[in-house]
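Input: a single structure, listed below in structure tokens.
The values are calculated or read from the model by the stated rules, or taken from the named source; none is laboratory data. Everything numeric in this text was worked out from a predicted model, so none of it was measured. With ideal geometry, Cβ positions are generated from the backbone for all residues, glycine too; neighbour counts draw on all protein chains shown.
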Amino acid sequence: MPNILNTALNMSQSVLEQGLIYALLALGLYVSYSVLNFPDLSVDGTFPLGSAVTAVLIARGVNPWLCLPISFLCGAAAGMITGVIHVKFRVTNLLSGILMMTALYSVNLIISNGSSSLFIMSPAMGKIFTGRLAGVFPPVVSKLLIILICVAAVKLLFDLFMKTKCGMMLMVCGANEQMVKSLSVDSGKIKMLGLALANGLVALSGCLMCQYKYSFNVGDGTGSMVIGLASVIIGMTVLHKVKFLKNTTKVIFGSVIYYACIKIALNLGLPPHFLKLIIAALFLLMLIFNNKILKGVKEDA
Amino acid sequence: MLKLENIYKTYNPGLINETKVLEDFSLTVPKGQFVTVIGSNGSGKTTILNLICGTIFPNRGKIYLGGKDITAMTEYRRAKHIGRVFQDTQKGTSPNMTILENLSLADNKGRFYGLTPGVNRKRTNYYKELLAPLGLGLEDKMNVLAGSLSGGQRQVLAMVMCTMADIDLLILDEHTAALDPKTSELIIELTNKIVREKGITTLMVTHNLRHAVSYGDRLIMFHRGAAEMDLSGEARANVDVDDLLDRFNHISIESGN
Ligand SMILES: Nc1ncnc2c1ncn2[C@@H]1O[C@H](COP(=O)(O)OP(=O)(O)O)[C@@H](O)[C@H]1O
Ligand SMILES: [Mg+2]
């Protein structure tokens, strides 16, 4: 009996850990999809971009904490380029993202010097999960706590940002682009900024995931858009009625819930290579069953 | 002063659906003048307003505002000097923001939207004073989302927002057309009050002939991209709704519809 309990506990801990890491990805999707109203597919490339940059930097002995802002900036640069493609060259939003995603596949391989996966195996290579901060906490929960600290810090900073003039302008841009122009602000720049922020968050998520799994894999990004979007929608529908929760909190919960569903499906005995199929199928199921609720959310937004 | 000089505008030039709307069109509006514009559907009124605001650009011709050539200036840059209220009541406010947030953002127009707090609570009372005289009770709904307001309430809010900053020109495109008669009267009265108090140069397109004759200092009737009638001074003072209807019918018969 204690064995089963132990397994369940272990599992829910890893669900929490990875769900929380994916929560940053979901926050990125929240920015592009919900706030900016921009279906951005570049995330499938920026998630592994964060991982690739991190794997390479850590192998070169760069401080693992420093990898977080660097990954963010790399993702932000990629998102910015998606924005430039869309705004300056008038390519449709979907196509701009697809172009960026495709280009990033190669960029990620260039960063990893051609190898489709990299491992950060040696203990000498620092990770935020083995550093000094980790030593402060009891070993069993240190990973979870470190992830929690990172996600909470990002969420708080993000919430603060959304209260600034600039952050509010992002909200306006997604809901009424004409008003941005009427306020004498370049709505194109606002979109680029929003996409930079969104993809920065996504790459940050990739950075954490790389340090968590000790590896970068070029294929990891496939489905990022779906995972993030599913988390956003689950968060916003399941917690639809909970007025006192901020949207960002709901999205974080959504991510943990979605990841738990995936994990349960895998644990029902399906082999790991079914993962993306499960990701897609779960999302589809949710879309079908929640269509009514979804409509309600859209109208509210 | 607003000046349009020899403007040509053709949509989809060279294509099957090419539409010539303006040919050698000129218009001068002196500073402080309140112009009402009427005209049948498709006569080119919105096209002219879009040209002035920079939503679209002319094929030929020049546009000046306050003596400055703005012909090639982008829409958002022009917006610093131009306020605009649309027929669509959704366009003037952000539905996902409260009244307070909408007003705060409008209050910052022309300045940088950076990393300082978007809402300055100290200004709340000032905003309430702006809203209170309008009699819609908006001042008690500062924390209500604009998206949950009625069309009329949103239009009032849009009107206040776009005249908050100092502007050189106010553009109104059938901004009362989507409202019920009572709200429409309220908005037109508010419009007149703001325009007169601030002495803003104003172009107002309307389908309401009574509004066209009761407000403003100058009346222009459009037909096929030209000013078919342009009255000011005494002629403008003596015109009534029946005269305008006569003229409309006359034009319709001439053009065979
Ligand atoms: N974006 C556009 N593309 C093509 N034709 C247009 C466009 N906008 C307006 N038109 C055409 O130009 C003419 C004038 O339209 P508009 O300026 O909207 O008239 P009004 O506002 O007086 O009703 C109409 O024939 C209309 O069909
Ligand atoms: Mg029109």
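Any idea which of (1) modelled with pLDDT under 95; (2) part of a helix (DSSP H, G or I); (3) in contact with a Cys (Cβ under 9 Å, 6 or more places away or on another chain) is the one A:Gly50 doesn't satisfy?
(1)
Given the condition more than 13 Å from chain B (Cβ to nearest Cβ), closer than 27 Å to A:Gly45 by Cβ and outside any helix (DSSP H, G or I), answer yes or no: does some residue in the stretch A:151-170 qualify?
Checked the stretch A:151-170: no residue is more than 13 Å from chain B (Cβ to nearest Cβ), closer than 27 Å to A:Gly45 by Cβ and outside any helix (DSSP H, G or I).
Any residue in the stretch B:13-35 that's within 26 Å of B:Asp217 (Cβ to Cβ): show its pairings with residues that are loosely packed, with under 13 Cβ neighbours inside 10 Å at Cβ separation under 6 Å, as long as the two are six or more apart or on different chains.
Listed by first residue and then by second, the contacts come to B:Gly32/B:Gly199.
Exactly one of these conditions fails for B:Glu101: (1) within 10 Å of chain A (Cβ to nearest Cβ); (2) acidic (Asp, Glu); (3) within 22 Å of B:His211 (Cα to Cα). Give me its number.
Tallying (1) within 10 Å of chain A (Cβ to nearest Cβ); (2) acidic (Asp, Glu); (3) within 22 Å of B:His211 (Cα to Cα), B:Glu101 fails exactly one: (3).
From (1) in a helix (DSSP H, G or I); (2) within 16 Å of ligand 2 (Cβ to nearest atom); (3) buried (at least 21 other Cβ atoms within 10 Å of the Cβ), pick out the condition that doesn't hold for B:Leu103.
(2)
Got at least one residue in the stretch B:202-220 being assigned to a strand (DSSP E or B), surrounded by fewer than 21 Cβ atoms within 10 Å (Cβ to Cβ), touching a residue at least 24 places away in the same chain (Cβ under 8 Å) and more than 16 Å from ligand 1 (Cβ to nearest atom)?
Yes, the conditions are met somewhere in the stretch B:202-220.
For (1) more than 24 Å from A:Cys150 (Cβ to Cβ); (2) in contact (Cβ under 8 Å) with a residue 60 or more places away in the chain; (3) part of a loop (DSSP other than H, G, I, E, B), each residue gets a yes or a no:
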{"position": "A:Lys181", "(1), (2), (3)": "yes, no, no"}
{"position": "A:Gly188", "(1), (2), (3)": "yes, yes, no"}
{"position": "A:Leu208", "(1), (2), (3)": "no, yes, no"}
{"position": "A:Phe216", "(1), (2), (3)": "no, yes, no"}
{"position": "A:Ser231", "(1), (2), (3)": "no, yes, no"}
{"position": "A:Lys241", "(1), (2), (3)": "yes, no, yes"}
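Of B:Thr36, B:Thr55, B:Thr28, B:Thr47, which residue is at pLDDT 95 or above, within 16 Å of ligand 2 (Cβ to nearest atom) and in a strand (DSSP E or B)?
Every option except B:Thr36 fails the conditions.
Condition test on B:Asn192, is it more than 25 Å from B:Gly66 (Cβ to Cβ), of a type outside the set (Lys, Arg) and either part of a helix (DSSP H, G or I) or within 14 Å of chain A (Cβ to nearest Cβ) (or both)?
no
Here are some conditions: (1) more than 8 Å from every other protein chain (Cβ to nearest Cβ); (2) surrounded by 16 or more Cβ atoms within 10 Å (Cβ to Cβ); (3) among the polar types (S, T, N, Q). B:Thr93 meets all but one. Which one does it not meet?
(1)
Out of all the residues in the stretch B:163-186, which are over 12 Å from B:Arg84 (Cα atoms) and within 16 Å of ligand 1 (Cβ to nearest atom)?
Those that are over 12 Å from B:Arg84 (Cα atoms) and within 16 Å of ligand 1 (Cβ to nearest atom): B:Thr176, B:Ala177, B:Ala178.
How many of the residues making up the stretch B:28-57 are within 10 Å of ligand 1 (Cβ to nearest atom), within 14 Å of another protein chain (Cβ to nearest Cβ) and either more than 28 Å from B:Lys193 (Cβ to Cβ) or touching a helix residue (DSSP H, G or I) at 6+ places or on another chain (Cβ under 8 Å) (or both)?
2
Given the criterion loosely packed, with under 14 Cβ neighbours inside 10 Å and in contact with a helix residue (DSSP H, G or I) (Cβ under 8 Å, 6 or more places away or on another chain), identify the matching residue among A:Ser71, A:Ser96, A:Ser116. Reasoning before the result, please.
Values: A:Ser71 fails: loosely packed, with under 14 Cβ neighbours inside 10 Å; A:Ser96 fails: loosely packed, with under 14 Cβ neighbours inside 10 Å.
The match here is A:Ser116.
Check the stretch B:118-131 and report whether any residue there is hydroxyl-bearing (Ser, Thr, Tyr), within 16 Å of ligand 1 (Cβ to nearest atom), more than 14 Å from chain A (Cβ to nearest Cβ) and in a helix (DSSP H, G or I). Walk me through how you get there before you give the answer.
Here is the first cut: in the stretch B:118-131, the ones hydroxyl-bearing (Ser, Thr, Tyr) are B:124, B:126-127.
Filter once more, keeping what is within 16 Å of ligand 1 (Cβ to nearest atom): none.
No, the stretch B:118-131 has no match at all.
Of the residues in the stretch A:49-63, how many are surrounded by fewer than 24 Cβ atoms within 10 Å (Cβ to Cβ) and not aliphatic (A, V, I, L, M)?
The total comes to 3.
From (1) assigned to a loop (DSSP other than H, G, I, E, B); (2) polar (S, T, N, Q); (3) within 25 Å of A:Ile190 (Cβ to Cβ), pick out the condition that doesn't hold for A:Ser96.
Failed condition: (1).
Table: residues versus (1) within 16 Å of ligand 2 (Cβ to nearest atom); (2) within 28 Å of B:Thr89 (Cβ to Cβ).
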position	(1), (2)
B:Thr183	no, yes
B:Thr191	no, yes
B:Leu203	yes, yes
B:Thr206	yes, yes
B:Arg218	no, yes
B:Ala235	no, no
B:Asn249	no, no
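In the stretch B:58-79, what count of residues is obtained for those that are part of a loop (DSSP other than H, G, I, E, B), at the interface with chain A (Cβ under 8 Å from one of its Cβ atoms) and surrounded by 17 or more Cβ atoms within 10 Å (Cβ to Cβ)?
Keep residues of the stretch B:58-79 that are part of a loop (DSSP other than H, G, I, E, B), which gives B:58-59, B:66-67, B:70-74, B:79.
In the following step, the residues that additionally are at the interface with chain A (Cβ under 8 Å from one of its Cβ atoms) were identified as B:74, B:79.
Subsequent filtering for residues that are surrounded by 17 or more Cβ atoms within 10 Å (Cβ to Cβ) retains B:79.
Total satisfying the criteria: 1.
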